Amino acid sequence: MDDDALLGEALAGATFAFDDVCAVIGATREELLELVAVGAIEPLRRDREHARWLFSQLAYLRAWRALRLQRDLGVNAAGAALALDLLDEIAALRRAAGAWVETSWEDPPRR
């Protein structure tokens, strides 16, 4: 499967095989295994042979972001996993704050 086809499937919410994730994000097998080991990503399906593992769209995107953090900022895999978790938490807090702001601007209760 070529890179463009894999990227198109990512948008459709497809699952990705271990080797396909490595190929598209430019990771070695060892790098992807380390991301799984530190909890940065989790396969949908594990098998004794990691080549049979399947990853969700979210895991695929997290792997890509983790690899960028490692290469661009020089953090290790555990640091990338922590950064991704913190970024997820910030996004959740922003969504919650946005929902709160939207409801707080409604008409005040009448007495």
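The values are calculated or read from the model by the stated rules, or taken from the named source; none is laboratory data. Just so we're clear, the structure is a prediction, and the values are computed from it rather than from any experiment. Reconstructed Cβ throughout: ideal geometry from the backbone, glycine too, with neighbour counts over all protein chains shown.
At-a-glance table
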item	result
Odd one out for residue 23 among (1) under 14 Å from the mean Cα position of the chain (by Cα); (2) of a type in the set (A, V, I, L, M, F, W, C); (3) modelled with pLDDT of 85 or more	(1)
Where a residue in the stretch 62-85 is assigned to a helix (DSSP H, G or I) and its partner, wherever it lies, is buried (at least 16 other Cβ atoms within 10 Å of the Cβ) and not aliphatic (A, V, I, L, M), with Cβ under 7 Å and at least six apart	67/31; 77/34; 77/70; 80/70; 84/62; 84/65
Residue in the stretch 38-61 that is farthest from residue 22 (Cα to Cα), counting only those that are touching a helix residue (DSSP H, G or I) at 6+ places or on another chain (Cβ under 6 Å) and in a helix (DSSP H, G or I)	57
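The rows are residues; the columns are (1) over 11 Å from residue 40 (Cβ atoms); (2) modelled with pLDDT of 95 or more; (3) surrounded by 13 or more Cβ atoms within 10 Å (Cβ to Cβ); (4) not β-branched (Val, Ile, Thr).
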| position | (1), (2), (3), (4) |
| --- | --- |
| 69 | no, yes, yes, yes |
| 74 | yes, yes, no, yes |
| 80 | no, yes, yes, yes |
| 84 | no, yes, yes, yes |
| 94 | yes, no, no, yes |
| 99 | yes, no, no, yes |
| 103 | yes, no, no, no |
